[in-house]
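Just below is one structure, and these are the notes that go with it.
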There are 4 protein chains.
Amino acid sequence: MPRLDNAFLESILDEVRPLLARGQVASYIPALAQVPADQLGVAVCTHDGQLLTAGDASQRFSIQSISKVLSLTVAMTRYSEQDLWQRVGKDPSGQPFNSLVQLEMEQGIPRNPFINAGALVVCDMLQSRLSAPRQQMLTLVRRLSGVEDIHYDRQVASSELAHSARNAAIAWLMKSFDNFNNDVNTVLENYFHYCALSMSCEELARCFRYLISPELCKVLFRQELNHRQVSHINALMMTSGMYNAAGEFAWRVGLPAKSGVGGGIVAIVPGKMSIAVWSPALDQFGNSLAGTAVLEHISDRLAFSVF
Amino acid sequence: MPRLDNAFLESILDEVRPLLARGQVASYIPALAQVPADQLGVAVCTHDGQLLTAGDASQRFSIQSISKVLSLTVAMTRYSEQDLWQRVGKDPSGQPFNSLVQLEMEQGIPRNPFINAGALVVCDMLQSRLSAPRQQMLTLVRRLSGVEDIHYDRQVASSELAHSARNAAIAWLMKSFDNFNNDVNTVLENYFHYCALSMSCEELARCFRYLISPELCKVLFRQELNHRQVSHINALMMTSGMYNAAGEFAWRVGLPAKSGVGGGIVAIVPGKMSIAVWSPALDQFGNSLAGTAVLEHISDRLAFSVF
Amino acid sequence: MPRLDNAFLESILDEVRPLLARGQVASYIPALAQVPADQLGVAVCTHDGQLLTAGDASQRFSIQSISKVLSLTVAMTRYSEQDLWQRVGKDPSGQPFNSLVQLEMEQGIPRNPFINAGALVVCDMLQSRLSAPRQQMLTLVRRLSGVEDIHYDRQVASSELAHSARNAAIAWLMKSFDNFNNDVNTVLENYFHYCALSMSCEELARCFRYLISPELCKVLFRQELNHRQVSHINALMMTSGMYNAAGEFAWRVGLPAKSGVGGGIVAIVPGKMSIAVWSPALDQFGNSLAGTAVLEHISDRLAFSVF
Amino acid sequence: MPRLDNAFLESILDEVRPLLARGQVASYIPALAQVPADQLGVAVCTHDGQLLTAGDASQRFSIQSISKVLSLTVAMTRYSEQDLWQRVGKDPSGQPFNSLVQLEMEQGIPRNPFINAGALVVCDMLQSRLSAPRQQMLTLVRRLSGVEDIHYDRQVASSELAHSARNAAIAWLMKSFDNFNNDVNTVLENYFHYCALSMSCEELARCFRYLISPELCKVLFRQELNHRQVSHINALMMTSGMYNAAGEFAWRVGLPAKSGVGGGIVAIVPGKMSIAVWSPALDQFGNSLAGTAVLEHISDRLAFSVF
């Protein structure tokens, strides 16, 4: 088995680079569409805090739906299991991430917190309990990453807000089923700011260390998260973290992961490390095409699959 | 951490027994409806072949959808990856296991091999390549379990065939999309026989040892399955093995598993062991209610979750 | 065949009155829920302008979705056929009137102008072309009815606006498909005001005279509507005017008609007369239960069915 | 207003002929795909039995779904209203004619007798009550048309049976909901034979005279159909007779009608006449493109719309 070091990561990137030409950069908002497609980076943060990187690992990008793991994590620190999970499910949706079909049929209860509807419910819950949800998320992310100057990309956030019709529809539909309590616009603003967090692979890998093990989680979150909740979040990432391709990803990579349409993916090797990859061009499901390949190669060479 | 032995398993069963009153025995065919609800058994087969049991572990029952893992496994030995996976997907369906809605929308390609449509495609493929699909399945199961007198429960099989309208509809719908090649009735007969395999927890735990590790798989299947295919099957079980509650099960138990409406569940602790539990009364998703609880307790006490 | 006069109408109402106990008054907004269920009225306006009435024919009620015919009519005077019908279809939806499922699948183009989505698109179009959409609707309705003091029921309008989440979701979903151009709230306010028009059967029967024949339409609308457009509106009412029971209604009554959840129904006997009935208790499809029966009896006794 | 005679019909055909190049001949079975697209015929049968024709009015073609009106008619002579309409609805489906989605959601009760599922239920009912369903249909059609040598096109019937997977799926799905009582294959054979009735516009126009008026119906069916049932069938044709374009057709033509994928359409001008048109090339909804245009022109010039 190869040694996991920077050179190993570089070699993986070299192998994957031919894929950069394939895939499609997200185009639904101008701010994302302008990101050059030929970027590729990876960062690994081991259980003992060592950081390995290759490629454009220090280049910041829009973390988009990766933030859904963070908002869920915060919600888990503020709500009882019962209160949280009566408003959102834990199962794969089998539907596109922004679909309203299932949401209408299931009376406004989203299938899981990683589709848009579910993340909006989570943000609605945060709005009810946090005094300054945007500032508090920044504070958390800075603390977890150990980087003080992480910010929201305001251009991305306002561009998303200007194209928020579909998410507004989702929020209003949930409101019609009494599963949305706050002002739709206020919650959308928070939601889009979270999506517009601008972070690098290095920062993401460090930030998500708390999902590597219960011990690390305890160090980073104290009593706020109990030892089972790390497993819970990883389980959700495994079954619902990769949009409608969770099964395919589990098959190829075998790790819990969450992707964003900015081209980032965070994956966890339980007990061992967190990995962040980034490449802006997406496959048909909205997951980074080259990023998925990087994770597949790493997992394969190092036998990281949990299965 | 407690020691895994028969006494430990007994203690788990004792804890779970109060749940036996809840849940509902499958009633869609008379042969299943008659099974007494108060039975509960568990068997563990370790990587080195040790067998631990408790409760009704030697009582045989109808393995039902657990057979879908076996038929998939056989198909993987007879078809190239490409040929197999162009006819069935790898992703969670988000729909009831016997639904035709998604199948129609997705042009006759089932989402995964563990919903009925997917398993029927797999059986159709076996019919095309095996000379005697029912006999060969028996041979395989007997070899894997090391038990010669495993049989199909003919009463169950014919009872299912007499209530096969929904599955016939699924097969014909796939035929209309050119994703079903053999005679519908012939394939349904094989499918229902596989479902009607009558096995005990002991036999199931031994039978599914091949999913514990690539090494064991190699011992048991020789060149027929390569080392990645064990991971592949486990990944599919994790994301799609528990009907529409795969996410909830991953959350609670954290292990790849496959259930059947006969009340059996097979779970794999990768690298360590296979577990078979059985209790006939089902939860709203069609999974054994007490059986799930047994697995949850075992996984929790012994920190078996892969996450 | 009986003679159509007030006494005939009275006799029909007497026959139908036992049905008043069945059905359910609309309860989704308090203002509607308070309307007593035992009211029943009918008014007929003949081609030559004669008015026949029985029961609570001068009692005003909330016309609700009957207004969808009026807003469509106004839109037809302001938009070319091409411009109008590229944004909304002409076919039955087969879905509940407030569903988003089909709307998402069909890319934000509502099936017809009499489901909520379609009426909202029409209101959006009116907002783009009318300087004061609410005042102009009042002016039109007063002119057609010949009654100056017709008003919006402001209590109903604001009650609906306070429960507008579902319709907001529909509007936002259409906006996400670029089929909604104006401010959602502004259009919703207009839409709910139209729904909150407070009119009696007498006023409605007179108001809808313009659909009796091309000649009457020409008298009332001059060049604004051409002779085919009367047929067009009646055709739409026949196939999509009674929510999800258009087929059943065509079967039983055989007349183009439009109902509202306030319990009103307007029906047209082409070439002969307009009929307005009212009774607040609704059947399972949202149509006035006793009102439908009144129309069925009238149509049956006088052989009014167009079929 | 022009005089309705053969020359008038010829002039309409001349106007419409340029449309023959558009549209697409049905291709799902070879026997239909071979029909030349440039054929166009029309026949009118007046209330007093006069027959007017133009173009290829004596050319026989496969009547396909037009037969659904005939099978429904026979069922109405053999079943009480209650018994018949508890097994099939009367409302537009809003779905493709061969879809299973709604059928599954609505527990195996088809929306109306003119989609495939509904017609199959009707054929299932006929199989339960008629001794020789195929022979009896021939006898009826011959009697109504006054033509003794009308036959099933056996090549079409067997070609359809060889491509019957989708309809088999529909039948089996209804069987799974206990809404299908006879052998699926037997009923499919009847169903496809009905579809394969080979008739000309002349024969169809004469055959459907019974829907022109209650009086004609009484003459042709005696006590078997009561006076309201003619209206009922026409109402169903209006709301559900033209596949998913019933609203558009009512808008353009304003007459109850039923089309078939063989390119035929039968329309009724209540009280006046029956019209049969034929041209094999279909629009996107499966209705004869030129045939619809012929009906639109006739209805428009002679003010035949019921609205």
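Could you run through region C:250-269 and say how many residues are closer than 16 Å to C:Lys68 by Cβ and out of contact with any strand residue (DSSP E or B) (no Cβ under 6 Å at 6 or more places or on another chain)? Steps first, answer last, please.
Kept after step one, since they are closer than 16 Å to C:Lys68 by Cβ, are these residues of region C:250-269: C:256-268.
Imposing the further condition that a residue be out of contact with any strand residue (DSSP E or B) (no Cβ under 6 Å at 6 or more places or on another chain) reduces the set to C:260-261.
Summing the residues that are closer than 16 Å to C:Lys68 by Cβ and out of contact with any strand residue (DSSP E or B) (no Cβ under 6 Å at 6 or more places or on another chain) in region C:250-269 gives 2.
List the residue pairs whose Cβ atoms are under 6 Å apart, where the first residue sits in region B:11-33 and is of a type in the set (Ser, Thr, Tyr), the second is not in a loop (DSSP other than H, G, I, E, B), and the two are 6 or more positions apart or on different chains.
Once the first residue is of a type in the set (Ser, Thr, Tyr) and sits in region B:11-33, its partners that are not in a loop (DSSP other than H, G, I, E, B) give B:Ser27/B:Ala33.
Could you tell me whether D:Val156 is in a helix (DSSP H, G or I) and touching a strand residue (DSSP E or B) at 6+ places or on another chain (Cβ under 6 Å)?
Numbers: in a helix (DSSP H, G or I): yes; touching a strand residue (DSSP E or B) at 6+ places or on another chain (Cβ under 6 Å): yes.
Yes.
Scan (1) surrounded by 24 or more Cβ atoms within 10 Å (Cβ to Cβ); (2) more than 14 Å from chain B (Cβ to nearest Cβ); (3) closer than 21 Å to A:Tyr194 by Cα; (4) of a type outside the set (A, V, I, L, M) for the single condition A:Gly291 breaks and write down its number.
So A:Gly291 meets the others, but not (3).
Among what's in region B:219-251 and is in contact (Cβ under 8 Å) with a residue 40 or more places away in the chain and of a type in the set (Val, Ile, Thr), pick the residue that is surrounded by the most Cβ atoms within 10 Å (Cβ to Cβ).
Ranking the qualifying residues of region B:219-251, first place goes to B:Thr239.
Could you tell me how many of the residues in region D:60-93 are assigned to a loop (DSSP other than H, G, I, E, B), out of contact with any helix residue (DSSP H, G or I) (no Cβ under 8 Å at 6 or more places or on another chain) and more than 14 Å from chain C (Cβ to nearest Cβ)?
Here is the first cut: in region D:60-93, the residues assigned to a loop (DSSP other than H, G, I, E, B) are D:60, D:63, D:79-80, D:86-93.
With the extra rule that they be out of contact with any helix residue (DSSP H, G or I) (no Cβ under 8 Å at 6 or more places or on another chain), the set shrinks to D:80, D:86.
This time we only want the ones that are more than 14 Å from chain C (Cβ to nearest Cβ), so: D:80.
Number of matching residues: 1.
Check off (1) in contact (Cβ under 8 Å) with a residue 60 or more places away in the chain; (2) more than 14 Å from chain B (Cβ to nearest Cβ); (3) under 30 Å from A:Thr53 (Cβ atoms); (4) more than 15 Å from the chain's Cα centre (by Cα) for A:Phe180 and give me the number that stays unchecked.
It fails just one condition, (3).
Just to verify a result, which residue in region C:98-116, among those that are buried (at least 21 other Cβ atoms within 10 Å of the Cβ) and hydrophobic (A, V, I, L, M, F, W, C), is nearest to the other protein chains (Cβ to nearest Cβ)?
Looking at the filtered set, the residue picked out is C:Leu100.
Looking at region D:207-218, I want the residues that are within 11 Å of C:Phe307 (Cβ to Cβ) and have a partner that is among the aliphatic types (A, V, I, L, M) and not in a helix (DSSP H, G or I) with Cβ atoms under 6 Å, at least 6 apart or on another chain. Which pairs are those?
D:Leu211/D:Ile268
Considering only region B:50-91, state which residues are of a type in the set (D, E, K, R) and touching a residue at least 60 places away in the same chain (Cβ under 8 Å). Walk me through how you get there before you give the answer.
Our first condition is that a residue be of a type in the set (D, E, K, R); within region B:50-91, this holds for B:56, B:60, B:68, B:78, B:81, B:83, B:87, B:90-91.
Correct list: B:Asp56, B:Arg60, B:Lys68, B:Arg87, B:Lys90, B:Asp91.
For region A:277-285, state whether one or more residues are free of Cβ contacts under 8 Å to residues at least 60 places away in the same chain, of a type in the set (S, T, N, Q), within 14 Å of chain B (Cβ to nearest Cβ) and within 24 Å of B:Val230 (Cβ to Cβ).
no
Being within 14 Å of chain B (Cβ to nearest Cβ), modelled with pLDDT of 95 or more, within 21 Å of B:Gly271 (Cβ to Cβ) and touching a strand residue (DSSP E or B) at 6+ places or on another chain (Cβ under 7 Å) is the requirement here; does A:Leu302 meet it?
Numbers: within 14 Å of chain B (Cβ to nearest Cβ): yes; modelled with pLDDT of 95 or more: yes; within 21 Å of B:Gly271 (Cβ to Cβ): yes; touching a strand residue (DSSP E or B) at 6+ places or on another chain (Cβ under 7 Å): no.
No: the conditions fail for A:Leu302.
Just checking, does region D:117-137 include any residue being within 14 Å of chain C (Cβ to nearest Cβ) and at pLDDT 95 or above?
yes
Considering only region A:215-231, how many residues are assigned to a helix (DSSP H, G or I) and either modelled with pLDDT under 90 or more than 14 Å from chain B (Cβ to nearest Cβ) (or both)?
So the answer is 8.
Evaluate the following for B:Arg134: is it basic (Lys, Arg), touching a helix residue (DSSP H, G or I) at 6+ places or on another chain (Cβ under 8 Å) and more than 25 Å from B:Leu216 (Cβ to Cβ)?
It is true that B:Arg134 is basic (Lys, Arg), touching a helix residue (DSSP H, G or I) at 6+ places or on another chain (Cβ under 8 Å) and more than 25 Å from B:Leu216 (Cβ to Cβ).
Right, C:Ser11: among the polar types (S, T, N, Q) and not in a loop (DSSP other than H, G, I, E, B) or not? Even if it seems obvious, please write down each step before you answer.
Working: among the polar types (S, T, N, Q): yes; not in a loop (DSSP other than H, G, I, E, B): yes.
Here the answer is yes, as C:Ser11 does meet what is asked.
If you check A:Ser305 against the conditions, is it of a type outside the set (Val, Ile, Thr), more than 15 Å from the chain's Cα centre (by Cα) and either under 27 Å from A:Asn98 (Cα atoms) or not in a helix (DSSP H, G or I) (or both)? Walk me through it before giving the result.
Details: of a type outside the set (Val, Ile, Thr): yes; more than 15 Å from the chain's Cα centre (by Cα): yes; either under 27 Å from A:Asn98 (Cα atoms) or not in a helix (DSSP H, G or I) (or both): yes.
So A:Ser305 passes the test.
Search region A:142-169 for residues that are within 14 Å of chain C (Cβ to nearest Cβ) and surrounded by fewer than 20 Cβ atoms within 10 Å (Cβ to Cβ) and pair each with any residue that is β-branched (Val, Ile, Thr) and not in a helix (DSSP H, G or I) when their beta-carbon atoms are under 7 Å apart and the residues are at least 6 apart or on different chains.
Every condition considered, the pairs that remain are A:His163/A:Ile29.
Return the total of residues in region A:94-148 being farther than 30 Å from A:Gln50 by Cα and part of a helix (DSSP H, G or I).
20
Checking A:Gly254 against (1) farther than 24 Å from A:Ala54 by Cβ; (2) buried (at least 24 other Cβ atoms within 10 Å of the Cβ); (3) facing another protein chain (nearest Cβ under 8 Å), which test does it fail?
(1)
If we scan region D:167-187, do we find a residue that is among the basic types (Lys, Arg), over 23 Å from D:Gly41 (Cα atoms) and modelled with pLDDT under 95?
No.
Given (1) under 22 Å from the mean Cα position of the chain (by Cα); (2) polar (S, T, N, Q); (3) over 15 Å from D:Cys123 (Cβ atoms); (4) facing another protein chain (nearest Cβ under 10 Å), identify the lone condition not met by D:Ser198.
(4)
For region C:97-115, does any single residue satisfy the condition of being in contact with a Pro (Cβ under 9 Å, 6 or more places away or on another chain) and more than 24 Å from A:Gln107 (Cα to Cα)? Steps first, please.
Filtering region C:97-115 for residues in contact with a Pro (Cβ under 9 Å, 6 or more places away or on another chain) gives C:102-103, C:111-112, C:115.
Of the ones still in play, those that are also more than 24 Å from A:Gln107 (Cα to Cα) are C:112.
For region C:97-115, residues in contact with a Pro (Cβ under 9 Å, 6 or more places away or on another chain) and more than 24 Å from A:Gln107 (Cα to Cα): present.
Only one of these is over 30 Å from C:Met237 (Cα atoms) and modelled with pLDDT under 95: D:Leu32, D:Leu51, D:Leu40. Name it.
D:Leu32
If you take the residues of region A:199-224 that are in contact with a Gly (Cβ under 9 Å, 6 or more places away or on another chain) and of a type in the set (S, T, N, Q), which of them is nearest to A:Gly291 (Cα to Cα)?
Among those residues, the one meeting the criterion is A:Ser200.
The values are calculated or read from the model by the stated rules, or taken from the named source; none is laboratory data. From a predicted model like this one, the values you see are computed outputs, not experimental measurements. Every residue, glycine among them, receives a Cβ derived from its backbone with ideal geometry; neighbour counts consider all protein chains shown.
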